[in-house]
Amino acid sequence: MRKGKLIYEIGIDKRGKFVERPNRFVADIKLENDNIVTCHVHDSGRIRELLFKDNSIGIKKAKEGSIRKTQWDVISALSDDKEDILINSSYHRYISEKFLKDKDLSPFGECNNVKAEVKYGDSRIDYLLEKCNEKIWVEVKGVSLSVNKKAMFPDAPSTRAQKHLRELIKIKEEGDRAAVLLLVFRESNTFRPKWETDPKFSELFYEAMEKGVEIYPVQFFLKDGKIMYEEKEIKILAKEER
């Protein structure tokens with residue numbers, strides 16, 4: 001049995017079976033009573049290894065009174081080894097903030113201030129941590145793809161992720177610390193960028209490492225609708241190990 005520390009409680013209201021994904025924003029899910037509900041998919045990745053016909057999907061009802069086209073959200077999907085995997089990126093902010101504010105867990109230790117969505121140039125960086133006289137800029141990426149316990153990102157080409165790496169390289173060159181926090185949601189022992197999907201991001205990933213951008217893959221898992229932190233090392237594979 002996996003042991004971990006509770007980070008954030010999401011909650012899952014129902015489980016159903018995946019029917020189809022008409023577009024990247026919605027999925028049709030069949031419930032136990034055979035009713036089909038259309039759910040919002042808050043993940044721009046392909047996640048085809050999790051969203052396939054008849055796979056078990058965890059969903060959550062939208063807040064009462066909210067005005068939206070769909071009244072359900074996709075939260076999770078079962079992997080082939082029956083691990084429930086978070087596939088809703090709207091929770092990355094809450095998970096990462098809880099983690100970064102926990103001085104015993106965060107790789108940055110205790111910080112004086114943790115600011116979210118801080119403007120840098122013409123864009124925003126997920127977090128600016130202030131620690132004594134240091135500034136640490138942190139971008140967060142959620143990782144749901146893992147094959148043979150080898151976590152990979154991204155599972156679809158991402159010009160946005162490329163831009164973030166370029167910004168972090170620039171920040172480091174200007175004298176502040178810069179880091180990427182990888183939220184790994186499927187049990188993994190290693191991590192590498194997915195060259196097959198986005199070679200440009202992969203090149204930038206190793207360039208960023210060489211220039212001093214810190215990379216932290218962190219293991220989480222979903223249990224009974226709760227996000228748990230698991231203390232373990234996830235090794236970043238060298239460029240030649242891809």
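The values are calculated or read from the model by the stated rules, or taken from the named source; none is laboratory data. All values derive from a computational prediction rather than experimental measurement. No Cβ is skipped: glycine too gets one built from the backbone with ideal geometry, and neighbour counts run over all protein chains shown. Just the protein is used for accessible areas: all its heavy atoms, side chains included, with ligands, DNA and RNA removed. Shrake-Rupley method; radii C 1.70, N 1.55, O 1.52, S 1.80 Å.
Remarks
- Whichever residue in the stretch 79-90 is open to solvent by less than 30 Å² (accessible area, probe 1.4 Å) and of a type outside the set (Val, Ile, Thr) and, among such residues, is nearest to Leu51 (Cα to Cα): Ser79
- Matching residues, the stretch 204-223, being charged (D, E, K, R) and either touching a residue at least 12 places away in the same chain (Cβ under 8 Å) or touching a helix residue (DSSP H, G or I) at 6+ places or on another chain (Cβ under 9 Å) (or both): Glu207, Lys211, Glu214, Lys223
- Evaluation of Glu64 against (1) under 17 Å from Leu222 (Cβ atoms); (2) acidic (Asp, Glu); (3) surrounded by fewer than 17 Cβ atoms within 10 Å (Cβ to Cβ) (one fails), failing number: (1)
- Leading residue by the ranking (surrounded by the most Cβ atoms within 10 Å (Cβ to Cβ)) among those in the stretch 131-159 that are under 16 Å from Leu181 (Cα atoms) and charged (D, E, K, R): Glu139
- Where a residue in the stretch 128-148 is under 15 Å from Gly109 (Cβ atoms) and its partner, wherever it lies, is of a type in the set (Phe, Trp, Tyr) and assigned to a strand (DSSP E or B), with Cβ under 6 Å and at least six apart: Val138/Tyr127
- Residues of the stretch 198-242 satisfying the condition of being basic (Lys, Arg) and either assigned to a strand (DSSP E or B) or buried (at least 21 other Cβ atoms within 10 Å of the Cβ) (or both): Lys223, Lys226, Lys235
- Flag if Leu128 is open to solvent by less than 20 Å² (accessible area, probe 1.4 Å) and under 14 Å from the mean Cα position of the chain (by Cα): no
- Looking only at residues of the stretch 167-197 that are part of a loop (DSSP other than H, G, I, E, B) and among the hydroxyl-bearing types (Ser, Thr, Tyr), we find that the one that is surrounded by the most Cβ atoms within 10 Å (Cβ to Cβ) is Ser188.
- Residues of the stretch 1-33 that turn out to be in contact (Cβ under 8 Å) with a residue 12 or more places away in the chain, part of a loop (DSSP other than H, G, I, E, B) and surrounded by fewer than 16 Cβ atoms within 10 Å (Cβ to Cβ), as a count: 8
- Taking the numbered list (1) without any contact (Cβ under 8 Å) to a residue 12 or more places away in the chain; (2) surrounded by 17 or more Cβ atoms within 10 Å (Cβ to Cβ) in turn, Glu49 passes all entries but (1).
So that you can scan it fast, the table gives a plain yes or no per residue for (1) acidic (Asp, Glu); (2) closer than 25 Å to Lys226 by Cβ; (3) touching a strand residue (DSSP E or B) at 6+ places or on another chain (Cβ under 6 Å):
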position: Asp122; (1), (2), (3): yes, no, no
position: Gly142; (1), (2), (3): no, yes, yes
position: Ser158; (1), (2), (3): no, no, no
position: Lys163; (1), (2), (3): no, no, no
position: Arg166; (1), (2), (3): no, no, no
position: Glu174; (1), (2), (3): yes, no, no
position: Ala178; (1), (2), (3): no, no, yes
position: Pro199; (1), (2), (3): no, no, no
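- Residues satisfying the stated conditions in the stretch 17-65, i.e. at pLDDT 95 or above, of a type in the set (A, V, I, L, M) and within 17 Å of Leu86 (Cα to Cα): Val26, Ala27, Ile29, Val41, Leu50, Leu51, Ile57, Ile59
- Going through (1) free of Cβ contacts under 8 Å to residues at least 60 places away in the same chain; (2) buried (at least 18 other Cβ atoms within 10 Å of the Cβ) one by one, Asn112 falls short only on (2).
- Counted residues, the stretch 146-166 - those being part of a helix (DSSP H, G or I) and not small (Gly, Ala, Ser): 7
- In the stretch 34-46, the residues that are open to solvent by 30 Å² or more (accessible area, probe 1.4 Å) and among the β-branched types (Val, Ile, Thr): Ile36, Thr38
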